[in-house]
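Student: Below is the structure I would like to discuss, written out as structure tokens.
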Amino acid sequence: MADHLGTDLALDALEMAIWARGGVIDDLVHHSDRGVQYTSIRYAERLDQVGAARSVGSKGDSYDNAAAESLNSLYKKELIEFHGGWKGVMDVTISTMEWVAWYNSERLHSYCGNVPPAEYEETFHRSTADGGLAIENQAI
């Protein structure tokens, strides 16, 4: 059976970690996602061979990276792919900072009752002394 690219990449990353430590593998923890490499026999055998611990996030909790992946997908769609024509790293960096500021303060979020997060947070803080707040069916 042909080797799978995901497994090969995970094994390469493990070998680089071993090399970077000068072959010293005490307390080495190799992080991976729940992809093919996690179930790969070659990957598991190599981890066992070097005595490295496996580490994967658990599904459905705060360590699940689905939220981060979703945000990254939005970032790429709304900024990177939409604008394009980047002149260099600094151009992307500045645009990224502007996008993050817009996303965190001005973008309309359905969770916030379709008001910008900054406005929602300001309203929340003003109302906490009043014993609570409800915005568009969103009780706080």
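The values are calculated or read from the model by the stated rules, or taken from the named source; none is laboratory data. Predicted model, so just to flag it, every value in this text is computed and none were measured. Cβ sites come from the backbone with ideal geometry, for glycine too, and all protein chains shown count toward neighbours.
Student: I'd like to check something: does region 93-110 contain any residue that is farther than 30 Å from F124 by Cβ and in a helix (DSSP H, G or I)? Give the derivation first.
Tutor: So in region 93-110, the residues farther than 30 Å from F124 by Cβ come out as 93-94.
Next cut, in a helix (DSSP H, G or I) only: 93-94.
Yes, there is a match, as at least one residue in region 93-110 is farther than 30 Å from F124 by Cβ and in a helix (DSSP H, G or I).
Student: I would also like to ask the following. If you take the residues in region 111-130 that are assigned to a loop (DSSP other than H, G, I, E, B) and of a type outside the set (S, T, N, Q), which one is farthest from L71 (Cα to Cα)?
Tutor: Going residue by residue through region 111-130, those that are assigned to a loop (DSSP other than H, G, I, E, B) are 113-114, 116.
Filter once more, so that each one left must be of a type outside the set (S, T, N, Q): 113, 116.
Values: G113: 19, P116: 17 Å.
By that ranking, first place goes to G113.
Student: Please go through region 26-55 and give me each residue that is surrounded by 14 or more Cβ atoms within 10 Å (Cβ to Cβ), modelled with pLDDT under 75 and either of a type in the set (D, E) or assigned to a loop (DSSP other than H, G, I, E, B) (or both), ordered by number.
Tutor: Matches in region 26-55: L28, S32, G35, S40.
Student: Let me ask you something else. Could we say that S95 is at pLDDT below 85 and of a type outside the set (D, E, K, R) here? Even if it seems obvious, please write down each step before you answer.
Tutor: Working: at pLDDT below 85: no; of a type outside the set (D, E, K, R): yes.
Judged against the criteria, S95 is not a match.
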